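Peer 1: Structure provided below as structure tokens; questions to follow.
The values are calculated or read from the model by the stated rules, or taken from the named source; none is laboratory data. Owing to the predicted nature of the structure, the values given are computational and were not obtained by experimental measurement. Positions of Cβ are generated from backbone atoms using ideal geometry, with glycine treated the same way; all protein chains shown enter the neighbour counts. SASA here: full protein model, heavy atoms, side chains in, ligands and nucleic acids out. Shrake-Rupley method; radii C 1.70, N 1.55, O 1.52, S 1.80 Å.
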Amino acid sequence: MNWIEEIKSLRSPGQSDSALAAELGVSKQFLSDVLAGKKELSLQKKLLVWKRLGRELDREAALAFLPAKAADELVRLHEASLRSGRHDSELTPKERVDDWTNDLIALRDARGMTDAELAADLGVSGAYLSTVLSGKVHLSWNKKIAVWGRRKYDLSRDTLLAFLPVETASELIAMDRARGRKRAARLATAAANKPQQVP
């Protein structure tokens, strides 16, 4: 998904950059920088654009919500995994979409590591790992990618949503469900109004 093209698609005929920037709650200069590819939209601005688009929340869209560097790294790791013939693991069940505690435990146990060894493997302190495992802090982007790469997870929509803050992922899922219900209601109405064919 190309955010530059999506933003351009929101522009009304004859609408100025200033007016579009005001609608998005950004400065004209920031919008110009985004459209020129010099800056990236924040997660909140991506959500604002997404709400106006009303598109399906598929894998490509979920990937687009990640920072560009994180998305590129995930795609690179995924392609390397496919080339090596390694099979993807299932993402561990999550009570909260951004809770990586079970993934860390599964990685530790699969490799027969202690918490200290896992911390060293991930390049974090034992104290940091302890706070993540206790649920006091969330795993950072780059450490989620490290766990994902070591576990060889798939690149599905649900896996990608697990990289986002829980509020953002929940909002995206709710918007996608609402969009699906609207589409189903339209199809049901169209089917009900379609003339019946007599056999």
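Peer 1: Counting only residues 5 or more places away or on other chains, whose amide H sits under 5 Å from the amide H of TRP100 once H atoms are built in the peptide plane?
Peer 2: For TRP100, the qualifying residues are LEU139.
Peer 1: Return the subset of LYS45/LYS194; LYS51/LYS144; LYS46/LYS194; LYS28/LYS51 for which the Cα-Cα distance in this structure is over 29 Å, preserving the input order.
Peer 2: Checking Cα-Cα distances, LYS45/LYS194; LYS46/LYS194 exceed 29 Å.
Peer 1: Sticking with this one: Helix 141-151 sits at what angle to the longest principal axis of the chain, using alpha carbons and giving 0 to 90 degrees rounded to 10?
Peer 2: Result, in degrees: 70.
Peer 1: May I pose another question? Multiplying the sequence separation of TRP141 and LYS69 by 0.36 nm and subtracting their Cα-Cα distance, what value in nm do you get?
Peer 2: Taking 0.36 nm per residue and subtracting the Cα distance, the gain is 24.9 nm.
Peer 1: Looking only at region 52-71, which residues have a backbone nitrogen under 13 Å from a spot 7 Å from the Cα of LEU10 in the C-beta direction?
Peer 2: 52-55
Peer 1: Enumerate the calculated ³J(HN,Hα) couplings along region 124-136 in order (Karplus 6.51 cos²θ - 1.76 cosθ + 1.60, θ = phi - 60°), each rounded to whole Hz, writing x wherever the residue is Gly or Pro.
Peer 2: Per residue, the Karplus-derived 3J(HN,Hα) values read 10, 7, x, 5, 5, 4, 4, 5, 5, 5, 8, x, 7 Hz.
Peer 1: I've got another one for you. Treating the Cα atoms of region 128-199 as identical point scatterers in vacuum, please give the log10 of the normalised Debye intensity I(q)/I(0) at q = 0.20 Å⁻¹, two decimals.
Peer 2: Listed by q, the Debye log ratios stand at -0.94.
Peer 1: Percent of accessible area on region 112-158 owned by carbon and sulfur, 1.4 Å probe?
Peer 2: In region 112-158, the share of accessible area belonging to carbon and sulfur is 54 percent.
Peer 1: Another question, then. Provide the per-residue ³J(HN,Hα) series for region 45-60, in order, calculated from phi with Karplus coefficients 6.51, -1.76, 1.60 and θ = phi - 60°, each as a whole number of Hz, with x at glycine and proline positions.
Peer 2: 6, 4, 4, 4, 5, 4, 4, 6, 6, x, 8, 6, 8, 9, 4, 4
Peer 1: In region 18-62, carbon and sulfur make up what percent of the accessible area (probe 1.4 Å)?
Peer 2: With neighbouring chains kept in place, the figure for region 18-62 is 46 percent.
Peer 1: If you don't mind, another one. Can you pull the one-decimal nm distance between simple spin-label points at SER42 and ARG177, each 7 Å off the Cα toward Cβ?
Peer 2: 2.7
Peer 1: May I ask you to evaluate 6.51 cos²θ - 1.76 cosθ + 1.60, the Karplus curve with θ = phi - 60°, for each residue of region 159-165 and list the ³J(HN,Hα) values in order in whole Hz, giving x for glycine and proline?
Peer 2: 5, 5, 5, 5, 7, 8, x
Peer 1: To continue, here is another question. Based on Cα coordinates alone, diagonalise the gyration tensor for the chain, multiply each eigenvalue by 5, take square roots, and list the semi-axes in whole Å, largest first.
Peer 2: After scaling each eigenvalue by five and taking roots: 37, 25, 16 Å.
Peer 1: Looking at region 29-62, which GluC sites (Glu not before Pro) are DSSP coil and have at most 15 other C-beta atoms within 10 Å of their C-beta?
Peer 2: Passing sites in region 29-62 are GLU40, GLU56.
Peer 1: Near the amide H of TYR153, under 5 Å away, which other amide H atoms are found, from residues 5 or more places off or on another chain, if H is placed in the peptide plane?
Peer 2: Those qualifying (amide H under 5 Å, at least 5 residues apart or on another chain) are SER89.
Peer 1: Could you do me a favour and compute the accessible area per residue for region 102-199, 1.4 Å probe, result in Å²?
Peer 2: I get 57 Å² per residue for this part.
Peer 1: Here is a follow-up. May I ask for the angle, rounded to the nearest 10°, between helix 166-193 and the longest principal axis of the chain, with both axes built from Cα atoms and the value confined to 0 to 90°?
Peer 2: Once rounded, one gets 40 degrees.
Peer 1: At 1.4 Å probe size, put VAL49, VAL26 in order of accessible surface, largest to smallest.
Peer 2: Numbers: VAL49 0, VAL26 30 Å².
So the residues, ranked largest to smallest area, are VAL26, VAL49.
Peer 1: Would you calculate, for the chain, the mean residue ellipticity at 222 nm contributed by helices, counting each DSSP H stretch of 4 or more residues as -39,500 (n - 2.57) and dividing by all residues, to the nearest 500?
Peer 2: The per-residue figure over the chain is -19500 deg cm²/dmol.
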